[in-house]
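Here's the structure, in structure tokens; my notes come after.
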Amino acid sequence: GNSVTQMEGPVTLSEEAFLTINCTYTATGYPSLFWYVQYPGEGLQLLLKATKADDKGSNKGFEATYRKETTSFHLEKGSVQVSDSAVYFCALSGTGANSKLTFGKGITLSVRP
Amino acid sequence: KAGVTQTPRYLIKTRGQQVTLSCSPISGHRSVSWYQQTPGQGLQFLFEYFSETQRNKGNFPGRFSGRQFSNSRSEMNVSTLELGDSALYLCASNLLAGEVDTQYFGPGTRLTVL
């Protein structure tokens, strides 16, 4: 079945540092890939997505590229801010009737001023 | 547009009771999915409804059930509550964009079972 593996956390960075959060997946067919973010006490917010190989999703300075050859969708940001502190989830979905999301375990990011 | 709304936001129940959670999707969205989030198991898919029909179901016992109404609002029910059912229950509203489902989440209902 489908699965998503995220790097172990938590991650603590200083403000303006470079961020990379690794995500790899196992799936049949051609899944769509997503990054969601969860702030304390809230639900999940869609951060970015990519629907086919070599697509790059981007939003709020975050980027991730759908790499089919390495089955990866790593999240990057050039300069993190304190407000980026949250839990980040990588997820994939199939298409049509198999559109449920399969999530990674999530990683907590803390950014220090 | 208003986002996904879930009610209530917090619930406290005791073992053996049952509970009903409600979700109103984004206007115009016809598909609703439910997920359970716990520290131990992470985010797990419960079920998905589209046009009042269950389209997908996760690996949960029959105590977990759901339904969808003609206005796309959805409810999930958990009967005979167990301590392990304590979790954040998230509802997601599905926007069907071609072959890609993009799911937008509500704030969740925090259920505590004592």
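Throughout, read-outs are computed from the coordinates displayed, never taken from laboratory work. Note that the coordinates shown come from a computational prediction; the quantities given were computed from them, not determined experimentally. Cβ atoms come from the backbone with ideal geometry, glycine included; neighbour counts cover every protein chain shown.
For segment B:56-72, enumerate the residues that are touching a Leu at 6+ places or on another chain (Cβ under 9 Å) and hydrophobic (A, V, I, L, M, F, W, C). Explain how you work it out, then say what you get.
Within segment B:56-72, the first condition is being touching a Leu at 6+ places or on another chain (Cβ under 9 Å), and the residues that meet it are B:57-58, B:60, B:63-64, B:66.
Answer for segment B:56-72, where residues must be touching a Leu at 6+ places or on another chain (Cβ under 9 Å) and hydrophobic (A, V, I, L, M, F, W, C): B:60, B:64.
Being more than 11 Å from every other protein chain (Cβ to nearest Cβ), under 19 Å from residue B:105 (Cα atoms), in contact with a Ser or Thr (Cβ under 9 Å, 6 or more places away or on another chain) and not in a strand (DSSP E or B) is a condition met by no residue of segment B:10-24.
Any idea which of A:49, A:105, A:77, A:100 is of a type in the set (D, E, K, R) and more than 23 Å from residue B:37 (Cα to Cα)?
Working: A:49 fails: more than 23 Å from residue B:37 (Cα to Cα); A:105 fails: more than 23 Å from residue B:37 (Cα to Cα); A:100 fails: more than 23 Å from residue B:37 (Cα to Cα).
Criteria check complete, one pass: A:77.
Looking only at segment A:53-79, count every residue that is assigned to a loop (DSSP other than H, G, I, E, B) and surrounded by fewer than 21 Cβ atoms within 10 Å (Cβ to Cβ) and tell me the total. Full working, then the answer.
If we filter segment A:53-79 for residues that are assigned to a loop (DSSP other than H, G, I, E, B), which is where we start, we get A:53-55, A:60-61, A:66, A:68-71, A:73-74, A:78-79.
From what is left, the residues that are surrounded by fewer than 21 Cβ atoms within 10 Å (Cβ to Cβ) are A:53-55, A:60-61, A:68-71, A:74, A:78-79.
Counting residues in segment A:53-79 that are assigned to a loop (DSSP other than H, G, I, E, B) and surrounded by fewer than 21 Cβ atoms within 10 Å (Cβ to Cβ) gives 12.
Being of a type in the set (D, E, K, R), within 16 Å of residue B:53 (Cβ to Cβ) and surrounded by 19 or more Cβ atoms within 10 Å (Cβ to Cβ): is that true of residue B:101 here? Criteria met by residue B:101. Taken as a whole, the condition of being touching a His at 6+ places or on another chain (Cβ under 7 Å) and surrounded by 14 or more Cβ atoms within 10 Å (Cβ to Cβ) does not apply to residue B:79. Restricted to segment A:14-30, and to residues there that are part of a strand (DSSP E or B) and surrounded by fewer than 17 Cβ atoms within 10 Å (Cβ to Cβ), the residue that is nearest to the chain's Cα centre (by Cα) is A:20. Might you let me know whether segment A:31-52 holds any residue that is of a type in the set (Phe, Trp, Tyr) and either surrounded by fewer than 18 Cβ atoms within 10 Å (Cβ to Cβ) or over 15 Å from the mean Cα position of the chain (by Cα) (or both)? Looking through segment A:31-52, at least one residue is of a type in the set (Phe, Trp, Tyr) and either surrounded by fewer than 18 Cβ atoms within 10 Å (Cβ to Cβ) or over 15 Å from the mean Cα position of the chain (by Cα) (or both).
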